[in-house]
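Peer 1: After the structure tokens below, expect a handful of questions from me.
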Amino acid sequence: MQITVNGQSRDLPHSATIAGLLELLGVNRKAVVVEKNLKIIDRALFDRELVQEGDRIEIIRLVGGG
Amino acid sequence: MAEKALRFFRPFPFGFGLFYFWYSMVNLVSKCLDVVWITPGYGNGGAHARRPMGRFPGEAAFSMDQHDGLLSEEDRLRYQRSILLEGFGPEGQRKLRAGRVLVVGLGGLGSPALYYLAAAGVGTIGVVDGDRVDLSNLQRQILYGDGDVGQSKALAAADRIRRCYGSVAIIVHEGRLTAENGVGMVSLYDFVIEATDNFESKFLVNDICVGLGKPFSHAAVSGYYGQAMTVVPGAGPCYRCVFGNVPSRDAVISPDEEGTLGMVAGSLGAVQAMEAIKYLAGVGRLLVGRLFTWDGLTSTAREVTLPVEPSCPVCLKS
């Protein structure tokens with residue numbers, strides 16, 4: 001399954017939830033905002049929201065430094 | 001009679017002298033520092049508070065309307081390269097001269113932002129930061145030098161900018177920006193640079209600006225990474241639309257643990273100043289509805305399109 005993560009094409013071996021994708025990428029779910037196809041996904045829905053063929057995912061880091 | 005009067009007044013000279021000495025010293029110090037005395041906590045940001053009547057005798061009193069935007073011959077020479085720019089011209093420069101920008105946070109982002117705004121000729125710039133300069137700040141906060149360690153950041157920054165760019169009016173808001181003083185403070189300006197170093201302040205600036213319909217530039221950095229977006233209320237998403245709420249402390253790694261470099265904050269601070277300039281001069285396309293991200297380690301810039309969040313409590317309220 002082909003998806004795009006932060007502008008880069010990725011091949012997922014099987015279907016996954018947002019939570020599963022983050023785990024696969026080794027990203028702490030509390031430290032990012034996820035946008036799927038131009039919609040911000042509520043963190044509480046990460047376990048239910050499915051990633052599908054052709055999805056464009058943006059994983060945005062939470063950064064607070066200045 | 002004379003003797004009686006003398007006896008009556010004899011205890012006074014010492015008291016009067018002390019009072020006069022105190023009064024003179026306060027005046028002298030405030031004139032030397034050219035400090036705009038602003039007391040945090042007042043509803044209008046303290047702009048009504050006591051101000052010195054200029055640094056030297058005969059100098060005009062300070063006013064928020066000091067700059068009418070007219071350019072002198074010296075201005076035309078100084079800002080030659082800006083005026084030459086397509087779409088900018090003398091009209092753009094006049095708009096900068098008439099513009100008022102508040103820089104919230106005078107650290108890694110605020111340092112370059114403030115320098116560039118002042119150098120570009122923004123007429124009035126407010127500065128606010130409750131911190132003092134620490135030795136570990138000097139690695140990236142280029143407003144300060146060795147001699148500033150221990151000094152108030154706002155006063156040291158104002159002093160530096162005044163010495164470099166004498167025609168720019170710098171307004172010092174003492175202390176931190178808070179929920180109490182923020183609305184009055186932000187109201188005084190056309191555009192805000194959100195250059196704070198913590199999530200609480202970032203959300204606070206967002207909520208105040210969106211509530212007032214005030215445009216602002218957000219930026220944040222950590223490690224080799226930085227990001228920026230511009231919020232024009234009503235024209236695109238706000239910071240809360242995208243980032244929701246202050247994250248739990250254990251979730252996000254901070255520059256205190258991860259480290260960061262001056263160049264990362266410098267790049268993003270320059271982007272913020274550019275956004276302010278574009279907004280004031282009315283040129284170009286702002287980072288509204290777009291997050292600019294910068295990875296300094298690989299020199300990779302990206303743009304993430306951002307949607308408006310229909311249920312954002314701050315946008316719904318305003």
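Peer 1: Would you confirm whether any residue within the range A:42-53 is touching a residue at least 40 places away in the same chain (Cβ under 8 Å) and open to solvent by 50 Å² or more (accessible area, probe 1.4 Å)?
Peer 2: Initially, the range A:42-53 is screened for residues touching a residue at least 40 places away in the same chain (Cβ under 8 Å), giving A:51-53.
If we keep only those that are open to solvent by 50 Å² or more (accessible area, probe 1.4 Å) too, we end up with A:52-53.
Yes.
Peer 1: Filter the range B:282-300 for residues that are more than 30 Å from B:P90 (Cβ to Cβ) and without any contact (Cβ under 8 Å) to a residue 24 or more places away in the chain; which is surrounded by the most Cβ atoms within 10 Å (Cβ to Cβ)?
Peer 2: If we take residues in the range B:282-300 being more than 30 Å from B:P90 (Cβ to Cβ) and without any contact (Cβ under 8 Å) to a residue 24 or more places away in the chain, then B:T300 is surrounded by the most Cβ atoms within 10 Å (Cβ to Cβ).
Peer 1: Here's another thing I want to ask about it. Within the range B:174-183, can one find any residue that is in contact with a Phe, Trp or Tyr (Cβ under 7 Å, 6 or more places away or on another chain) and open to solvent by less than 40 Å² (accessible area, probe 1.4 Å)? Working first, answer last.
Peer 2: Filtering the range B:174-183 down to residues in contact with a Phe, Trp or Tyr (Cβ under 7 Å, 6 or more places away or on another chain) leaves B:181.
Checking which are open to solvent by less than 40 Å² (accessible area, probe 1.4 Å) leaves us with B:181.
Yes; the residues of the range B:174-183 include at least one that is in contact with a Phe, Trp or Tyr (Cβ under 7 Å, 6 or more places away or on another chain) and open to solvent by less than 40 Å² (accessible area, probe 1.4 Å).
Peer 1: Moving on to the next point. Looking at the structure I just gave you, is A:I3 within 14 Å of chain B (Cβ to nearest Cβ), open to solvent by less than 80 Å² (accessible area, probe 1.4 Å) and outside any loop (DSSP other than H, G, I, E, B)?
Peer 2: Details: within 14 Å of chain B (Cβ to nearest Cβ): no; open to solvent by less than 80 Å² (accessible area, probe 1.4 Å): yes; outside any loop (DSSP other than H, G, I, E, B): yes.
So A:I3 fails the test.
Peer 1: Continuing with this model, one more query. Of the residues that make up the range B:268-279, is at least one crowded, with 22+ Cβ neighbours inside 10 Å and over 20 Å from B:R100 (Cα atoms)? Spell out the reasoning first.
Peer 2: If we filter the range B:268-279 for residues that are crowded, with 22+ Cβ neighbours inside 10 Å, which is where we start, we get B:268-269, B:271-273, B:275-277, B:279.
Next cut, over 20 Å from B:R100 (Cα atoms) only: B:268.
For the range B:268-279, residues crowded, with 22+ Cβ neighbours inside 10 Å and over 20 Å from B:R100 (Cα atoms): present.
Peer 1: Is it the case that the range B:194-209 has a residue that's of a type in the set (D, E), in contact with a His (Cβ under 8 Å, 6 or more places away or on another chain) and within 10 Å of chain A (Cβ to nearest Cβ)? I'd like the intermediate steps shown before the answer.
Peer 2: To start, the set of residues in the range B:194-209 that are of a type in the set (D, E) comprises B:194, B:197, B:200, B:207.
Of the ones still in play, those that are also in contact with a His (Cβ under 8 Å, 6 or more places away or on another chain) are B:194.
Filter once more, keeping what is within 10 Å of chain A (Cβ to nearest Cβ): B:194.
Yes, that holds for at least one residue.
Peer 1: Quick check on the range B:308-317. Is at least one of its residues assigned to a loop (DSSP other than H, G, I, E, B), among the small types (G, A, S) and more than 12 Å from chain A (Cβ to nearest Cβ)? Show your work before the answer.
Peer 2: Filtering the range B:308-317 for residues assigned to a loop (DSSP other than H, G, I, E, B) gives B:308-312.
This time we only want the ones that are among the small types (G, A, S), so: B:311.
Filter once more, so that each one left must be more than 12 Å from chain A (Cβ to nearest Cβ): none.
There is no residue in the range B:308-317 that is assigned to a loop (DSSP other than H, G, I, E, B), among the small types (G, A, S) and more than 12 Å from chain A (Cβ to nearest Cβ).
Peer 1: Take the residues in the range B:231-263 that are open to solvent by less than 10 Å² (accessible area, probe 1.4 Å), touching a residue at least 60 places away in the same chain (Cβ under 8 Å) and more than 8 Å from chain A (Cβ to nearest Cβ), then tell me which one is farthest from B:Y189 (Cα to Cα).
Peer 2: B:P237
Peer 1: Identify the residue in the range B:72-81 that is surrounded by 13 or more Cβ atoms within 10 Å (Cβ to Cβ) and more than 22 Å from the chain's Cα centre (by Cα) and, among all such residues, is modelled with the highest pLDDT.
Peer 2: Here is the first cut: in the range B:72-81, the ones surrounded by 13 or more Cβ atoms within 10 Å (Cβ to Cβ) are B:75, B:78-79.
Cutting the leftovers down to more than 22 Å from the chain's Cα centre (by Cα) gives us B:75, B:78.
Details: B:D75: 93, B:R78: 97.
Looking at the filtered set, the residue picked out is B:R78.
Peer 1: Right, here's the next one. Under 9 Å between Cβ atoms, at least 6 apart or on separate chains: pull out the pairs that start in the range B:190-206 with a residue that is at pLDDT 95 or above and end on any residue that is hydroxyl-bearing (S, T, Y) and open to solvent by 30 Å² or more (accessible area, probe 1.4 Å).
Peer 2: B:D190/B:Y279; B:F191/B:Y279; B:D197/B:S254; B:N198/B:S254; B:L204/B:T178
Peer 1: Would you mind stating whether B:E303 is within 10 Å of chain A (Cβ to nearest Cβ), part of a loop (DSSP other than H, G, I, E, B), in contact (Cβ under 8 Å) with a residue 12 or more places away in the chain and farther than 30 Å from B:T124 by Cα? Steps first, please.
Peer 2: On the way: within 10 Å of chain A (Cβ to nearest Cβ): yes; part of a loop (DSSP other than H, G, I, E, B): no; in contact (Cβ under 8 Å) with a residue 12 or more places away in the chain: yes; farther than 30 Å from B:T124 by Cα: yes.
So B:E303 fails the test.
Peer 1: On the given criteria, is B:G69 open to solvent by less than 10 Å² (accessible area, probe 1.4 Å), part of a loop (DSSP other than H, G, I, E, B) and modelled with pLDDT of 95 or more? It would help to see each step written out before you state the result.
Peer 2: Numbers: open to solvent by less than 10 Å² (accessible area, probe 1.4 Å): yes; part of a loop (DSSP other than H, G, I, E, B): yes; modelled with pLDDT of 95 or more: no.
No, not satisfied.
Peer 1: Taking the condition out of contact with any Cys (no Cβ under 7 Å at 6 or more places or on another chain), surrounded by 20 or more Cβ atoms within 10 Å (Cβ to Cβ) and assigned to a loop (DSSP other than H, G, I, E, B), does B:R160 pass? Break it down stepwise before answering.
Peer 2: Numbers: out of contact with any Cys (no Cβ under 7 Å at 6 or more places or on another chain): yes; surrounded by 20 or more Cβ atoms within 10 Å (Cβ to Cβ): yes; assigned to a loop (DSSP other than H, G, I, E, B): no.
Considered against the rule, which asks whether it is out of contact with any Cys (no Cβ under 7 Å at 6 or more places or on another chain), surrounded by 20 or more Cβ atoms within 10 Å (Cβ to Cβ) and assigned to a loop (DSSP other than H, G, I, E, B), B:R160 comes out as no.
The values are calculated or read from the model by the stated rules, or taken from the named source; none is laboratory data. These numbers come from a predicted model, not from an experiment. Here the Cβ is made from the backbone with ideal geometry for all residues, glycine too, and neighbour counts use every protein chain on show. Note: accessible area is taken over every heavy atom of the protein model, side chains too, but ligands, DNA and RNA are not part of it. Shrake-Rupley method; radii C 1.70, N 1.55, O 1.52, S 1.80 Å.
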